[in-house]
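Following: one structure in C-alpha cells, then a few remarks.
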Amino acid sequence: MVDIKKIIRNNILSLQPYSSARDEYEGKEGVFLDANENPYGIYNRYPDPYQRKLKKAVAILKNTPEEHIFLGNGSDEIIDLSFRIFCNPGKDTALSFSPTYGMYEVSSAINDVIFLKVPLDKNFQIDFEKTKPYLKSEQLKLIFICSPNNPTSNSMNTDTVIRILDEFQGVVIIDEAYIDFSERLSFMQLLERYNNLIVMQTFSKAWGMAGVRLGMAFTSPEIIHYFNKVKPPYNISKVNQEAILEKITNTDRFRKEVEIILSERQRMQNELQNIAFVRRIFPSDANFLLAEVTDADKIYNELVAKQIIIRNRSGQVHNCIRITIGTPEENNLLLDTLKEMS
Ligand SMILES: *Cc1c(COP(=O)(O)O)cnc(C)c1O
C-alpha cells in the first residue's frame, strides 16, 4: 500500500474546498432559495456535484462500487486534475512511454511539470529495464500507461505493468480509452491490490459520446477524495449526465456497434495488406489501425485532397498513418481511393 497523503501536494492537503449550496443541503425536496438560481425553466438548477444517479448506473455497468468512481469532463479533466493534485510545478516529474497519447505531455507542460519519456521497445511494449531507474525518484509522481496504446494500437503486457506497480510509490494512471475494442481484461482487476492505481476509461470512443465529454476514473476512495476536493464543483453538466444515463440504458446498441467496428477492423486489416504501398499493419486492440507505408506524407496529402482525413503519425512512428475504423461505406471509400492511388 502506498501512503497516498505523502504524495499529495501540501497546498491540496490543506485546501479548504469550495462548499456549494448543493454540498450544504443534499435533499431533493424543498423550496430552494439557496443557490441564486432562476426559479423558472428546465435547466435552471445546478446539477448534482457528485453525479450520484449517473455513478449508480456506471457502477452497475462496470461492476464496481460507486465509491471507486470519479467522473470527469472528459478524460482530459482527469489527467489535468491528477497533475494538480500530485505534482508540484517546477519541481516534480511525470513519465510516459513514447509514442503515446499527446495529452499527457501537454497537460504536464501546462502544469509546469517535467515530462519524461521512455521509448517503447520495437514491439511497442514497455521496456522495464529502461524504466526501472526512474521508479525510485522521489520527484516522479505520475506514470501514464496507455493500453491499448494510441497510436500503436497494442495492449501493454500485464506482467510489466505489475512490475511497475510493485516498485513505484507514486501514482500509476492506466488509460483504457480503447478497452471496449480489446479482448483483454481491464486493469481494473488490479484496483483491489494497488491503492495508487487509477484506471481511466471514457464514453468518447466505443460508446460514441465524444461530443458529450465524460471520462471515468476508477481508483481508491482515498484518491477520489482529492479529485472531489480539487474539481470544479459542477464539472459534469446536467445535460451531459442525462445524455450518458440515457445512452447506457441501451447496451444492445453499444454491443452491436462494437461488433460491427471489430469485424470492419478485421476486414480493413486484410484488405489494406494487399495495397502495394502498405508495408505492414500493426495488430490492433483498438478502433484504429496503424499502418506503415512507403510515403506517409504523400498518402496523407493525397487523401486530404480527396476529403478523406486520416492521421499522419510519421512524426511519432516512422512513415506511419493511423486510420480510424468508420462505417463499412466509409471504409470502402478509403480502400477504393487507396487502391486507385497505388
Ligand atoms: C481518445 C482518447 C481519450 C479520450 O479522451 P476524452 O477526453 O475522454 O474524450 C483518452 N485517452 C486516449 C489515449 C485517447 O486516444
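The values are calculated or read from the model by the stated rules, or taken from the named source; none is laboratory data. Worth saying up front: this structure is predicted, and the values here are computed from it rather than measured. Here the Cβ positions follow ideal geometry from the backbone for every residue, glycine too, while neighbour counts run over all protein chains shown. What goes into the accessible areas is simple: the full protein's heavy atoms, side chains included, and nothing from ligands, DNA or RNA. Shrake-Rupley method; radii C 1.70, N 1.55, O 1.52, S 1.80 Å.
Brief remarks follow.
- Cross-link table Lys205/Lys306; Lys91/Lys132; Lys6/Lys28; Lys5/Lys53; Lys62/Lys136, entries beyond 27 Å C-alpha to C-alpha: Lys6/Lys28; Lys5/Lys53; Lys62/Lys136
- Which of Ile143, Leu165, Gln125, positive extreme of dipole for region 124-174 (C-beta unit charges): Ile143
- Region 219-229 - phi-based ³J(HN,Hα) in whole Hz, Karplus 6.51/-1.76/1.60, Gly and Pro as x: 7, 6, x, 4, 5, 4, 3, 6, 4, 5, 5
- Fraction of the pair-distance distribution of region 237-342 above 24 Å, Cα-Cα pairs, percent: 32 percent
- For the chain, the calculated P(r), taken from all Cα-Cα distances in 10 Å bins from zero up to the bin holding the longest distance, is 5, 23, 30, 24, 13, 4, 1, 0 percent.
- Region 70-193: C-alpha gyration tensor shape, a/c 1.5 cut-off, then a/b vs b/c: rounded
- Max-minus-min Cα coordinates of region 185-292 on each principal axis give 55, 33, 23 Å, with the largest extent listed first.
- Dipole of the chain [Lys/Arg +1, Asp/Glu -1 at C-beta], most positive-end residue of Ile85, Ser182, Met200: Ile85
- Counting only Cβ charges, +1 for Lys and Arg and -1 for Asp and Glu, the dipole size of region 1-60 around its Cα centre is about 400 debye.
- Rounded to whole Å, sorted largest first: equivalent-ellipsoid semi-axes of region 20-76, Cα gyration tensor: 26, 13, 11
- Accessible carbon and sulfur surface of region 5-48 relative to its total accessible area, %, 1.4 Å: 51 percent
- For the residues Ser220, Ser19, Ser137, a GNM of the chain with alpha-carbon springs under 10 Å puts the largest fluctuation on Ser19.
- The chain: most fluctuating residue of Asn73, Asn240, Asn301 per GNM, C-alpha cutoff 10 Å: Asn301
- Cα pair count fraction exceeding 19 Å, expressed as % - region 100-150: 31 percent
- Expected 222 nm ellipticity per residue - DSSP helices of 4 or more, -39500 (n - 2.57), all of the chain, to 500: -11000 deg cm²/dmol
- A cut-off of 5 Å between modelled amide H atoms, ignoring neighbours fewer than 5 places along the same chain, links Leu116 with Ala94, Leu95, Ser96.
- By accessible area, using a 1.4 Å probe on protein heavy atoms only, region 82-206 has 48% of its surface on carbon and sulfur.
- Computed about its Cα centre, the charge dipole of region 155-208 is approximately 80 debye, with only Lys, Arg, Asp and Glu carrying charge at their Cβ.
- Per residue accessible area in Å² of the chain, where ligands, DNA and RNA are left out and the probe is 1.4 Å: 50 Å²
- Taking the Cα centre of the chain as origin and assigning +1 to Lys and Arg Cβ atoms and -1 to Asp and Glu Cβ atoms, the resulting dipole is close to 260 debye.
- Per the Kirkwood formula applied to alpha carbons, region 47-142 shows a radius of gyration over Rh ratio, Rg over Rh, of 1.06.
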